[in-house]
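Read the structure below first, then the notes.
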Amino acid sequence: MAPAATSESASEHTPLDRLDPLDLPEGHPFGPHNLPYGVFSLTDDASGAGERSVGVRIGDHVLDAGAAAAALGSPYVTVLARPSLNSLLAAGRTTWSDVRRALTAWVTVPSHREAVRPFLHPLSSVTLHLPFEVADYVDFYASENHASNLGRLFRPDEEPLKPNWKHLPVGYHGRSGTVVVSGTDVVRPSGQRKAPTDPAPVFGPSVRLDIETEVGYVVGVPSRQGTPVPLSSYRDHVFGLCLLNDWSARDIQNWETVPLGPHLGKSFATSISAWITPVEALDTARVGPPERTVPLLPYLDDSGPEAAADPAGYDLRITVTLNGQVISEPPFSGMYWTGAQMLAHMTVNGASLRTGDLYGSGTVSGTQDNERGSLIEMTWNGQQPLDLPDGKRGFLEDGDVVTLSAWAPGPNGARVHLGEVTGRIAPTAF
């Protein structure tokens, strides 16, 4: 597996001859209304030997946030002059808002420009790393469209959804140690698999390697064990969102899942974007969930006026490309379960949160064929392969490159870009 680092090239939005990187076109998707956080080093050494720093993206540059804070005499240098985001994550909502206001001023107030400019680095000159130390990882199954598609596919003679699905957010605990940053190669996993017609299982590389188009939630403030986190505390604990691809070996998963659930078919790699978008940057994109068709227990019930005034859904527009070809555009606004409900359910038994916890939404799928978030849905388990310029695809082949990108409506008609998460399939090494 390649090192957990990647570089992003300059986008088309900022001319290369622009003299001041802070002079951005109005509405630039990485303008001052966005300011996502990441971690970078000033080296093109993919081993990551360079010193890592917290960075904030502005246009096609990265601001060394810790160095800028020190130069400006900011008290926030203690959480920004770090090799990861964990100190900032743990600092809490008040500090998150204060730091964001300070950063906005640093990149917009003319009197700060001379002090800030030396700490701006072109994206092409930096290496991006995993932005935080992942504590625990949980993956949910929050899209009714995705769950229904798989139900129809594998249980055609039954109701698509299991009886529990609309009563609680179904999920499983994953493996935090294999969460990697965008740009990291994904080695094709090996394991046991057994087709229905095979007399016995065989061992070998997965032949049904798939993607899962997801949104990840990054937890900042921990919670006490034995104390559930209510719906109303979502914004006190969740720092920001990222794009997430929970790679899946469907053949390995299918054989091992009964009776306990996913294991080796899911634990080999989960990719996340290099940029974490603060929840405050997505306030304009907040939406309510779809209509509830089953009454919810009180700890999950978001039908009241408080939840309506502070909705936890997001209008994110996601694009999935395979080898540069757009294959799907799943809408996140239709997710049945919200991030607040997933967090509440994850802790209702008294399980504690830790700084750096990551939980995923599960595959995002819409109602249309071109809105499905996994190849198993797009190709109906390989029966209807995608016809791409470089050949047909039922599932992923070695060398395939998958990229998820997304944007959300921002203030005054601008867009908030969430960056991208990219992974290339490398041949199995065993």
Q) Separation of region 131-202 and region 205-235 by C-alpha centroid, Å? A) 14
Q. Once you have the alpha carbon radius of gyration of region 391-430, what is it after dividing by 2.2 N^0.38 Å, with N set to its residue count?
A. 1.78
Q.
Taking amide H atoms as placed 1.01 Å from N in the peptide plane, list the residues 5 or more away in sequence, or in a different chain, whose amide H sits under 5 Å from that of residue 388.
A. 393
**Q.** Carbon + sulfur, % of accessible area of region 255-400 - ligands and nucleic acids excluded, 1.4 Å
**A.** 52
**Q.** Residue-count net charge about residue 427 - beta-carbon cut-off 9 Å; Lys, Arg +1, Asp, Glu -1
**A.** 0
Q: Using only Cα atoms, locate the centre of region 94-125 and the centre of region 282-322, then give the distance between them in Å, rounded to an integer.
A: 32
Q | Normalised convex hull volume, region 325-430, alpha-carbon set, Å³ per residue | A | 193
Q: Any lysines with Cα under 30 Å of the residue 162 Cα? List them, leaving off those in the same chain fewer than 8 positions away.
A: 194, 266
Q | Within straight-line cross-link reach of residue 166, aspartates and glutamates at Cα separation under 13 Å, skipping those fewer than 8 residues along the same chain | A | 144, 291, 301
(Q) Spelling out what I want: for every residue of region 163-173, take phi, set θ = phi - 60°, compute 6.51 cos²θ - 1.76 cosθ + 1.60 (Karplus), and round to whole Hz; glycine and proline get x. (A) x, 7, 4, 8, 9, 7, x, 5, x, 8, 8
Q) From the backbone phi of region 352-369, what are the Karplus-calculated ³J(HN,Hα) couplings (6.51 cos²θ - 1.76 cosθ + 1.60, θ = phi - 60°) in whole Hz, Gly and Pro given as x? A) 8, 9, 10, 4, x, 4, 10, 10, x, 6, x, 4, 8, 9, x, 8, 9, 4
Q.
Over the Cα atoms of the chain, what radius of gyration and what Dmax do you get, in Å?
A. 21.4, 74
Q: Count charges around residue 156 for me, please; just the other residues with Cβ under 15 Å from its Cβ, Lys/Arg as +1, Asp/Glu as -1.
A: -1
Q. Just from the alpha-carbon atoms, what are the Rg and Dmax of region 103-204 in angstroms?
A. 23.5, 74
Q.
Once ligands and nucleic acids are excluded and a 1.4 Å probe is used, how much of residue 94 is accessible, expressed in Å² to the nearest 10?
A. 100
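Once the Cα gyration tensor of region 304-380 is found, what semi-axes does its equivalent ellipsoid get, as square roots of 5 times the eigenvalues, in whole Å, sorted largest first?
Values for region 304-380, descending: 28, 16, 11 Å.
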Q: Leaving out ligands and nucleic acids, note down the accessible area per residue over the chain with a 1.4 angstrom probe, in whole Å².
A: 42
Q: Give the long-range amide H neighbours of residue 263: residues separated by 5 or more places, or on another chain, with amide H under 5 Å away, using H modelled in the peptide plane at 1.01 Å from N.
A: none
Q: Please list, in chain and number order, the residues 5+ apart from residue 275 or on another chain whose amide H is under 5 Å from its amide H, with Hs placed from the backbone.
A: 420
Q: Name the residue farthest towards the positive end of the dipole of the chain from the options 220, 103, 121, assuming +1 on Cβ of Lys and Arg, -1 on Cβ of Asp and Glu, about the Cα centre.
A: 220
Q | Net charge contributed by nearby residues that have their C-beta within less than 13 Å of residue 241 (K/R +1, D/E -1) | A | -2
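The values are calculated or read from the model by the stated rules, or taken from the named source; none is laboratory data. All figures in this text were calculated on a predicted structure; none of them were measured in a lab. Using ideal geometry, Cβ is built from the backbone for each residue, glycine included, and neighbour counts are taken over all protein chains shown. Ligands, DNA and RNA are stripped out before the accessible areas are found, and what is left, the full protein with its side chains, is counted by its heavy atoms. Shrake-Rupley method; radii C 1.70, N 1.55, O 1.52, S 1.80 Å.
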